[in-house]
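Each reported figure results from applying straightforward, stated rules to the coordinates on display, with no laboratory input. Since the model is a prediction, treat every value here as computed from it, not as a measurement. Note: ideal-geometry Cβ built from the backbone for every residue, glycine included; neighbour counts use all protein chains shown.
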Amino acid sequence: MADRLSARAAIAAVTADFTESTAPREDTAADGPLDWTGYADSRARATARTGERESVVHGLATLGGHPCVLVSFEFGFLGGSLGQRTGDRLEAAYEEAVTRRLPLVSLIATGGSRMQEGMIALTQLHRVARASARLRAAGPAQLAVLRDPTTGGGWATLGAGADVILALPGAQIGFAGSRVRPPGADPLAYTAEGQLAAGQIDAIVPQEELAATLGHWLGALAHRDPAPVPAPVPAALSATGDAVPAPVPAALSATGLPRTGWDAVVRARSASRPRAEAYLDAYFGIRLPLHGDRCGGTDPGLLCGFGLREGRPVAYVAQCGTATRPAGYRTAARVIRLADRLGVPVLTLVDTPGAANDAEAERAGAGAAIADAFAAIAAARVPVTTLVIGEGGSGGALALAAPGNTHLTADSYFSVIAPELAAAILKRSPDQVRATADQLRLRPQDLVDLGVARSVVRPGPPGVGTGSARTGGDGSIA
């Protein structure tokens, strides 16, 4: 079980700059909307014990130099439960975030809806969901920190509905609280660690690292007002607000251009070739991962999140050389849409032999997930930059590539399908695979000549030294 800090101690643990907002006028009805005998006394005892008049505190704060609206739950006040007065305060916090165009950060510790208010308490979830949707439409981000416990409606609205979900180690998290779970339920499923494994939260952050992590996230997710994009700029290259394309990463290998199509395939499949992790480490000063598809799935072969490069936020989606699974495409689409809403440019690194096509992937909705990734990039108003760093295998790679702004390294290729499979489809013998690779014109320089890619990048500082691959066959980059 994680440590249970009071609402104000949780605030003090992440910032010394907090100004509490005035609470909405409170109904003084003795025993609440249901006239629940003893409810007023229970509230009075909760106030005497905690010093609070309700289960949430909210106000303006600065975290890591970035302003936000901050909400913190007091679990000691009737288990941090949501009642009508709680709904009043939460709605006021969201409205303040909308009015001031600030992100909202929630430090959640709640057991769910308040029994003593019955359906009136439950309908507060509608109010929270409506307020959250209004803030999302206005643009600013929503971040949730799941403390112990986060269950019931608080998890299903403020928690799971946030753009970025962090949790403290060991926190109890789940829609079902500990007293209402099915007998024999796996206890791990209701923990921060279990929810991370299931792709329902983005990261587990120790309390001592939480303040710095929230500051980094607020810096990366600061909303930029949308600006109209004049026609006829292609949608895939248009910009939202002050977003300019993410610089193209420099190549991390100094190899020359491949002489044959099969040479390109062999290089791209080499175990010694630099992979996504190395490219991201070289590109970003700080990386903030986003994890999971929010549907119970994860893909360890896809890295997603936001990063700070020279203080500038860039969202990233990076394939790691494995067949991308449906959960990976859904996670990628989630990140791209969040970046688009916030006006943050996107960098994608393509490296996959193709989409996963096993039976499990089909049952998990591979086609729909790939379509969703295509749609997210096609609809993006922010610029998307793509670098192919290894294998570009068919539609599974193309789904994460930017139309009109794709670049390649010299140790990569991009093809309608792998040459072995192309030969099989064309009923060619295995000894014709290499000739088929040449016919597919999948080399980096071929792709530039065909207009599929803009350049083959050279080694050097990120964003510097991209070069055309329109060369002869001597293996050099002009």
- Query: How far is helix 326-342 tilted, in degrees, relative to the longest principal axis of the Cα atoms in the chain, given as a value from 0 to 90 rounded to the nearest 10?
  - Reply: 70
- Query: Of the labelled options (1) 23.3; (2) 22.2; (3) 24.1, which one gives Kirkwood radius over Cα pairs in Å as computed for this structure?
  - Reply: (3)
- Spelling it out for G305: with amide H atoms placed in the peptide plane at 1.01 Å from N, the residues 5 or more places away or on another chain with amide H under 5 Å from its amide H are L290, Y316
- Query: Fewest first, what order do I173, I204 take by the number of other Cβ atoms within 10 Å?
  - Reply: I204, I173
- Looking at S21, H126, F306, which one has the Cα that reaches farthest to the positive end of the dipole of the chain (charges on Cβ: Lys, Arg +1; Asp, Glu -1)? F306
- Message: Can you give me the orientation-averaged projected area of the convex hull built on the Cα atoms of region 7-221, in nm²?
- Response: 11.5
- What angle do you read, to the nearest 10 degrees and between 0 and 90, between the alpha-carbon axis of helix 39-50 and the longest principal axis of the chain? 70
- Does region 235-467 come out rounded, prolate or oblate by the C-alpha gyration tensor, with a ≥ b ≥ c the root eigenvalues, rounded set by a/c under 1.5 and, if not, prolate when a/b is larger than b/c and oblate if not? oblate
- Query: For the chain, with only Lys/Arg (+1) and Asp/Glu (-1) charged at the beta-carbon, what is the dipole magnitude about the Cα centre, in debye rounded to 20?
  - Reply: 680
- Query: So what is the calculated 222 nm ellipticity per residue for the chain, using -39500 (n - 2.57) for each DSSP H run with n of 4 or more, over all residues, to the nearest 500 deg cm²/dmol?
  - Reply: -9000 deg cm²/dmol
- Message: Just to confirm the number: angle between the C-alpha axis of helix 124-138 and the first principal axis of the chain, 0 to 90 degrees, nearest 10?
- Response: 40
